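Everything below concerns the one structure shown next.
Values in this text are rule-based calculations from the coordinates and carry no lab data. All values derive from a computational prediction rather than experimental measurement. Because the Cβ atoms are built from the backbone with ideal geometry, glycine has one as well, and the counts that use them run over all protein chains shown.
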Amino acid sequence: MKKVFLSFFIFLLLTGISHAQMEIKNCFNYFNAGDYKRAIESGKRAVKLYPRSVGAYFCLGAAYSKTGQIDLAIESLKKAEAYTTRDDDLMSIYGWLGSNYLDKGDLDNALFYHNKSLDLAKKLGDRKGEAAELNNIALIFRKKGEFDKALEYYEESLRLETNKKEKAAIYHNIAVIYEDKGDYNRAIEYFKKAIEISERYGDYHGSGKMMLNLGDTYRKIKDFEKAYFYLDEGLKRVKKVGDKYWEGGGLKCFGWYFRDKGDIKLAREYLNRAYEIFKSIGAEGDALEVLSSLALLEQKKKTAYGGIEIGSKGVKAMVLQLSPADEEGFYNVEEKFRRSINTGIITGVKETGLFAEDAIKETAEAVKELFNTIKDKYGVNENNIFIAGSSALVNVKNRDELSKRIKELTGKGTVFITKEEEVFYNIIGAVPDKYRSKAIVIDIGSGNTKIGYLEGSDGNTRTVSVEIPYGAVSFTDLIQKNVGTQKEFPIVAEKLSQTEVAQALQKESQRKPALKNRNPVFMLGGTVWAMVTLLYPEKQDAFVKLTQADIEKFYREIKSAPDKLLNPDLSKIKDEDKRKWATKQIQAVKDTFSQENLLAGAVLMKRIADTLELKNKKIYFSRYGSWLWGYIASAGVFFEEEKKSIQK
């Protein structure tokens, strides 16, 4: 799992707790004894009895954290923060908040809270607290891939730490850095030193976590006998104390273990179990890491897939046939079917937080109709048809009622996708396996623009994303609010693209240098599709190579010669079927976007290309890149049976 340990203090929050507040003391006593389940029970009773108690909420939040219930931990810790002004209390609370945000994969918030905790430790002259937070911040640098800087922070933390038991965690963290640097012998040396200290002090839980990391290191050097021993023992120990987060981590490591031994069936089983645990406790970053492992688990054969997306405007479906990748890693996708059915699923949700019964029925019937079309008319195996709800629906309270109705009609379950997962699946759907570790995806939609990439490698992968609140249509709306006449449209568009887009991207790229450094670049979304369709109607592959000069040409032509651009010459296309397809695509662009939308999208795309310095990079239009296709491609690895091809 290669998870680094963080350090915290809990005794500070006992200050001011009276003898009468026994439930709070019970919570802390259970927590310090490692009985986190009972700590949670006492913590729940304590917050009911003392609803403004810092100690009650802190202990409950810390216990939730220890059992991997991250969202509940953050909720309780923020209530503790709200009820105190004491610096010593806040130092502990901020540290625990940083830890939980890190487990969610939110490095920005993790760094924010750990720095706040470090500042307070220095202010209070608390060397122990300072050592702990140096250790924690080092982890952030490790996550960013800055290993030498992380080692500096760990060594400084080790210098300040006087408690030998606490040094075990730092030794463990140093081992992780050496493992990241590829120095496995030094890593094993430090892991064993950390485990020896933990066991000497009776830290059964901590030594179990360390064993999981040591076992995963042995996996890396293909010493499978020692790897199995430490993974098995470590998993038993974390399960015994009810730590769901590390149980998920142990299952994930076993998934990698069986993958490396060539047992894809068991690898898939363990990774699937890890994913379910991470999702159930709100560890979104780890859940996405497991999905990445599943997506790369095996190469797909020529296979037909069907996807049904339930969104705020209704239901849409597609059937795609994926062909194996070529030597460059690019695969071909052939679209066999696409259809949308509008429904009122989102009607009334803003006011009630619930889907209306009529909307559930209407939407489920639409899903059934599309499901049967995909299965019966296009011959797609039921196991290769996937149903997913978009992030617009994920927080609706009675979404399970919709899922239940759909299962009654189709026999299939429905997965609801978070915003973070949409970015992840966009990357999986847009980028061939070969380029995922170094590519960046730019998705210019109608309402917003999402930019994302996968950071890290096996054991330390996370999805990084940036969102600009403008797409072709929403940027058009913004421009029109600021123009006096239509002649001013291009001028205002340029100015707003600088103030609303370029400045935001420059700021983000300072915090995330990969936005400018990643290469190749995969672009998708309506604006990019319109550009390729109008400039190069003869280019109909799943991946179309582009340059920044193409982006500039599209901008010039939609600005100065829109009629010519919207009616491209199709004489280069000799094949009749391909010419018909191109004609339909051109008409679809005209039906989808106004000229103002196309100009706004072109300005937006050009500004992004200029700001992110795409001039000398390889750029590809990923025609079928979308979160739905990415989900379909990932979900396909959950099934073993041979895939059934589309019936002609």
- prompt: Can you give the Kirkwood hydrodynamic radius for the chain, in Å, rounded to one decimal and based on Cα pairs?
  reply: 26.8
Free-standing Cys, the chain [no other Cys Cβ under 4.7 Å]: C253
message: Taking 0.36 nm per residue of sequence separation and subtracting the Cα-Cα distance, how much length would be gained by fully extending the chain between S594 and Y204, in nm to one decimal?
response: 133.9 nm
- prompt: Applying 1/(1 + (r/R0)^6) with R0 = 51 Å to the Cβ-Cβ distance of T373 and D35, what FRET efficiency is obtained, to the nearest 0.05?
  reply: 0.40
task: Any of K66/K397; K412/K545; K25/K116; K78/K606; K104/K512 with alpha carbons more than 30 Å apart? Name them for me.
output: K412/K545; K78/K606
message: Residues of the range 223-247 with backbone nitrogen within less than 17 Å of a virtual label 7 Å along the Cα-to-Cβ line of D260, please, listed as ranges.
response: 223-235
message: Given R₀ = 22 Å, what would the calculated FRET efficiency be for K181 paired with F229, taking r from the Cβ atoms and rounding to 0.05?
response: 0.35
query: Between K407 and E365, what is the label-to-label distance in nm when each label sits 7 Å out along the Cα-to-Cβ direction?
result: 2.3
message: Using a 7 Å offset from the Cα along the Cα-to-Cβ direction at both K397 and K165, what is the distance between the two label points in nm, to one decimal?
response: 4.5
statement: Answer in debye to the nearest 20: the dipole magnitude of the chain about its Cα centre, from +1 Lys/Arg and -1 Asp/Glu charges placed on Cβ, is 260
task: Pull out the extension gain between E467 and T499, defined as 0.36 nm times the separation in residues minus the alpha carbon to alpha carbon distance; nm, one decimal.
output: 10.0 nm
message: Taking the beta-carbon count within 10 Å as an exposure proxy, list M22, M210, M523 from fewest neighbours to most.
response: M22, M523, M210
message: Restricted to Cα positions, what overall size does the range 53-208 have along the principal axes? Three whole-Å values, descending.
response: 47, 30, 30
task: Quick one: which residues, 5 or more positions from V241 or on another chain, have an amide H under 5 Å from its amide H? H modelled 1.01 Å from N in the peptide plane, none for Pro or chain starts.
output: none
- prompt: Based solely on its DSSP helices, what 222 nm [θ] is calculated for the chain when runs of n ≥ 4 H residues each add -39,500 (n - 2.57) and the sum is averaged over all residues, nearest 500 deg cm²/dmol?
  reply: -18500 deg cm²/dmol
message: Can you give the local net charge around Y631? Use residues other than it whose beta-carbon is closer than 12 angstrom to its beta-carbon, Lys and Arg +1, Asp and Glu -1.
response: -3
Segment K222-L570, extension gain: residue separation times 0.36 nm, minus the distance between their alpha carbons: 119.6 nm
Unit Cα scatterers, Debye sum, the range 303-417: log10 I(q)/I(0) for q = 0.16, 0.17, 0.24 Å⁻¹: -0.71, -0.78, -1.30
